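*Asks:* Following this message is one structure expressed as structure tokens.
The values are calculated or read from the model by the stated rules, or taken from the named source; none is laboratory data. Bear in mind that the values here come from a model prediction, so they are computed numbers and not experimental data. Neighbour counts run over all protein chains shown; Cβ positions are idealised from the backbone, glycine included.
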Amino acid sequence: MDKSNDENTLAHPNFNRKIRSFVRRESRMSKRQQHAYETYMPTYGITVDGPPIDVDALFGRPGITVLEVGFGMGDSLIEMARTHPDVNYIGIEVHRPGVGSVLASINEHNISNIRLFRADAVEILQNKLLGQCLDKIQLFFPDPWHKKRHHKRRLIQAPFVQLLASRLKPQGVLHIATDWQDYAEHIKTVITQSTAFRTADDKIVPARPMTKFENRGLRLGHNVWDLLFQRT
């Protein structure tokens, strides 16, 4: 999700000042995406209004629940859901074409284990996903905001890490991937300073699909860092 339309807000349940980590640049939806958004969002989308959700009730079954923050066009989310039909996946993205693309794939592949929010990730984590309800949270290629003057816009900051920790079950996993070394070092520093996490063994997380942004980074000669942390 290394992209300018990633809409997340750095915040904390008791932290009122917000710093946007995105610039909204909404692109036009294709006919496929538009049709899927209008047709399937009422079934697979989750409204931001109303009370917090019961994750098991949302999927009609208990099970492992994975949250992906900023899934972009959703190719990796779709592949994981198809590969692991016994796992429940919740995706958050504000980019309408990306949401429409995932909804189209859900219909085309008859996928039943994905639910989507089109919303600010912090708003959802604060108001809709309460308690220790998640087994894993994944953020693949968040915008690195590589210029020093923009570092304050990076999604991974201490208040946001604290919010993520509050929604993970004990021993739950936080998986972050980036192709910017400076951001990888920043992420390690911020999260290892939190007593809520410890560095995790990469054997506890299966190999993830390659994303569009990862492919782009590799073409540019970037390395990729997969950073795994476990809730204490």
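*Asks:* Where the second residue is hydroxyl-bearing (Ser, Thr, Tyr) and assigned to a strand (DSSP E or B) and the first is closer than 16 Å to His175 by Cα and lies in the stretch 65-80, which pairs have Cβ atoms under 9 Å and are six or more apart or on separate chains?
*Replies:* Thr65/Tyr89; Val66/Tyr89; Leu67/Tyr89; Glu68/Tyr89; Leu77/Tyr89; Met80/Tyr89
*Asks:* Say we look at the stretch 201-232 and pick out the residues that are small (Gly, Ala, Ser) and either touching a His at 6+ places or on another chain (Cβ under 7 Å) or within 17 Å of Phe140 (Cα to Cα) (or both); which of these is modelled with the highest pLDDT? Spell out the reasoning first.
*Replies:* Just the residues of the stretch 201-232 that are small (Gly, Ala, Ser), to begin with: 207, 217, 221.
With either touching a His at 6+ places or on another chain (Cβ under 7 Å) or within 17 Å of Phe140 (Cα to Cα) (or both) added as a condition, the list becomes 207, 217.
Numbers: Ala207: 73, Gly217: 66.
So the residue we want is Ala207.
*Asks:* Being under 24 Å from Ile64 (Cβ atoms) and not in a helix (DSSP H, G or I) is the filter; apply it to the stretch 179-200 and report the residue that is modelled with the lowest pLDDT.
*Replies:* Filtering first and then ranking leaves Ala200.
*Asks:* I would also like to ask the following. Can you list residue pairs whose Cβ atoms sit under 8 Å apart, with the first residue in the stretch 38-59 being under 14 Å from Gly91 (Cα atoms) and surrounded by 10 or more Cβ atoms within 10 Å (Cβ to Cβ) and the second being hydroxyl-bearing (Ser, Thr, Tyr) and modelled with pLDDT of 95 or more? Count only pairs 6 or more apart in sequence or on different chains.
*Replies:* From the stretch 38-59, the pairs are Val55/Thr65; Phe59/Thr65.
*Asks:* Of all residues in the stretch 64-82, which are among the hydroxyl-bearing types (Ser, Thr, Tyr) and modelled with pLDDT of 95 or more?
*Replies:* As a first pass, look at the stretch 64-82 and keep what is among the hydroxyl-bearing types (Ser, Thr, Tyr): 65, 76.
Within the stretch 64-82, Thr65 is the sole residue that qualifies.
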